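Asks: One structure coming up, written as structure tokens, with questions to follow.
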Amino acid sequence: MEPSLGWTLLSRDALRRAETQLRDDVEGVRDEVGFLALHQAYADRFFPGTSVLHTRLRYVLFVPWMYERVAMHSPRDRVVEQLQKEELELTRRLRHLGAKHGVIGFRNYPKPTAQPPSMIYWSALSAWRILKPLASGAAPSRQTVHRAIARRGPRHQLHDDDKQLLVEEEPLFGSLPRPPDEWHSAKEPLDFELQPAERRFLRNCFLTVSHPNSTSTLSLLARLVEHQVQLSNRDTLWSKKVVKVADAPDSAALTRARQAAALSAIGRGVYAAMVEEMRERHDGLATEDKHRGNLVAVCDTHSKAAMALNVDEIVIDAPKMPEGIVEVLRRTQEWLAGNRLDVMALHDIYERAEYRRKGRRARLIKSVAGREKRAEWTPTDSAAAEPLHYRWQQVRQLLMDLQGAHE
């Protein structure tokens, strides 16, 4: 058979499903029935601009500094190519620190990574007002900035007799601190230690980060910076020092977030236990009881906090929360308060929730497609159920970088 070429056309629905799956992977939350909506709602409320892919704070300066260098020296038709070279060079100069210190692209080098720093930190640059907005007030995309740099053309601009630019170009970023001397020397290694001027600049940026639903109210992220809360790797999101600086609305939201995280842990445990049960009971496949056995421990650990949640109050913090996931939480709570012996009592509500998200890829549906998906799944494919984390580990590291903490 001779090889042939053809076009594959993806529907908008297929692209939307692919984007959803990629988003779930990026957020680091296995989201079979919709718990990611809770994770994102609370994470975005408390910590605007953050991502689960964030590693170290100094990247929000490295990225603008790279763009400034690209804007000064790159031909207009090679902006993307030059930016990729800059990011690879940045990885090279940070590699001496090792992967455990959060060097993006460490394992891929010398090949480019699929998620470079300029992509990972772009939302932060906008949310923290480092990237200048468009005239409309909207945040420019990376592609918009790339096109703007390309339109500027060569850097041989016209000057007047006093050597001042005849036409000044609008800066892409705010008044950034100057890069350190070693930034300009390719032979010098770099690190994540913030210089005093950099720390002052970023502190001021954080202090402008408002609550996503109220520009006049500081976010929890800003309040943690404002009160100079000293954090360590042992501090949780529920630590007294964190709760203490939250205003009244965020304090109440933190309580609900903790309870919702506990109930979601049980829900994720229920899902995995249910798939095990269906493999064995419905499909006749011998299946170890990793998740069914673990569900008992998950319920014992998290039931008190999970039962304290008023599910109807979630809409206070997440007005756009899909009703489907709210109903899943409500029914899970009812199951938790009653007879926990039969996990299949929750099958119908979980099946509907998963099918809405995944269609024929759902594992809980009683169909040939569902049977095939369950046959491909093994208990080791799914991690033990844990509470939602709301990006706290990443945020804590960023704040520790700001305060200069070393652990």
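The values are calculated or read from the model by the stated rules, or taken from the named source; none is laboratory data. The structure displayed is predicted, hence computed values, not measured ones. We place every Cβ from the backbone using ideal geometry, glycine too, and count neighbours over all the protein chains shown. Each accessible area value is taken on the protein alone, full model and side chains, heavy atoms only, with ligands, DNA and RNA left out. Shrake-Rupley method; radii C 1.70, N 1.55, O 1.52, S 1.80 Å.
Asks: Using the Kyte-Doolittle scale, which helices in the chain average at least 0.5 and also have C-alpha atoms spread 20 Å or more along the helix axis, with helices defined as whole DSSP H runs?
Replies: 59-73
Asks: Further question: Take each of the peptides 177-185, 33-41, 89-97, average the number of other beta-carbon atoms within 10 Å over its residues, and list them starting from the highest.
Replies: 33-41, 89-97, 177-185
Asks: Using a 10 angstrom cutoff on alpha carbons, build the Gaussian network for the chain and name the most mobile of ALA385, ALA186, ALA306.
Replies: Looking only at ALA385, ALA186, ALA306, the biggest GNM fluctuation is shown by ALA186.
Asks: For the chain, give the percent of accessible area contributed by carbon and sulfur heavy atoms, probe 1.4 Å, rounded to a whole number.
Replies: The computed percentage sits at 51.
Asks: Only helical DSSP H runs with n ≥ 4 go in: add -39500 (n - 2.57) per run for the chain, normalise by residue count and round the 222 nm mean residue ellipticity to 500 deg cm²/dmol.
Replies: Helix contribution divided over all residues of the chain: -16000 deg cm²/dmol.
Asks: Counting other Cβ atoms within 10 Å of each Cβ, which trypsin sites (Lys or Arg not before Pro) in region 201-248 have at most 13 and sit in a DSSP loop?
Replies: Answer by residue number: ARG234.
Asks: Separate question: If you take the square roots of the eigenvalues of the alpha-carbon gyration tensor of region 205-351 and sort them as a ≥ b ≥ c, do you get rounded (a/c under 1.5), prolate (a/b over b/c) or oblate?
Replies: Prolate shape, in that a/c is at least 1.5 and a/b is the bigger ratio.
Asks: Which value in nm describes the separation of the simple spin-label points at ALA308 and LYS241, placed 7 Å from the Cα toward the beta carbon?
Replies: 2.2
Asks: Can you list the residues, at least 5 places off or on another chain, whose amide H is less than 5 Å from the amide H of HIS211, using H built in the peptide plane?
Replies: Here THR217, LEU218, SER219 satisfy the definition.
Asks: Given the Cα-Cα distance of ARG356 and GLU188 and 0.36 nm per residue of separation, how much length would full extension add, in nm?
Replies: 55.2 nm
Asks: Consider the candidate values (1) 179; (2) 146; (3) 204; state which one is volume of the Cα convex hull per residue in Å³ computed from the structure displayed.
Replies: (3)
Asks: If the chain between LYS85 and THR380 were fully stretched, how many nm would it gain, using 0.36 nm times the residue separation less the Cα-Cα distance?
Replies: Stretched out fully, the LYS85 to THR380 stretch lengthens by 102.3 nm.
Asks: A further question on this structure: Hey, in the GNM for the chain with a 10 angstrom Cα cutoff, which one of ILE316, ILE149, ILE266 fluctuates hardest?
Replies: Among ILE316, ILE149, ILE266, the largest GNM mean-square fluctuation belongs to ILE316.
Asks: Check cross-link reach from LYS304 to the lysines: straight Cα distance under 21 Å, and skip same-chain residues fewer than eight apart.
Replies: Of all the lysines, those that pass the test against LYS304 - Cα under 21 Å, at least 8 places apart if same chain - are LYS240.
Asks: Return one whole number: the accessible area per residue of the chain in Å², for a 1.4 Å probe.
Replies: Per-residue accessible area for the chain comes out at 54 Å².
Asks: Moving on to the next point. Enumerate the residues in region 364-407 having an amide nitrogen under 18 Å from the point lying 7 Å beyond the Cα of ALA297 toward its Cβ.
Replies: 379-388
Asks: Now, a different point. Given LYS100/LYS241; LYS85/LYS187; LYS320/LYS358, which pairs have Cα atoms separated by over 23 Å?
Replies: Checking Cα-Cα distances, LYS100/LYS241 exceed 23 Å.
Asks: Rounded, prolate or oblate: which one fits region 60-157, using the alpha carbon gyration tensor with axes a ≥ b ≥ c (rounded when a/c is under 1.5, else prolate when a/b beats b/c, else oblate)?
Replies: Cα axes put region 60-157 in the oblate bin.
Asks: Among 365-378, 45-58, how do they line up by average Cβ neighbours within 10 Å per residue, starting with the highest?
Replies: 45-58, 365-378
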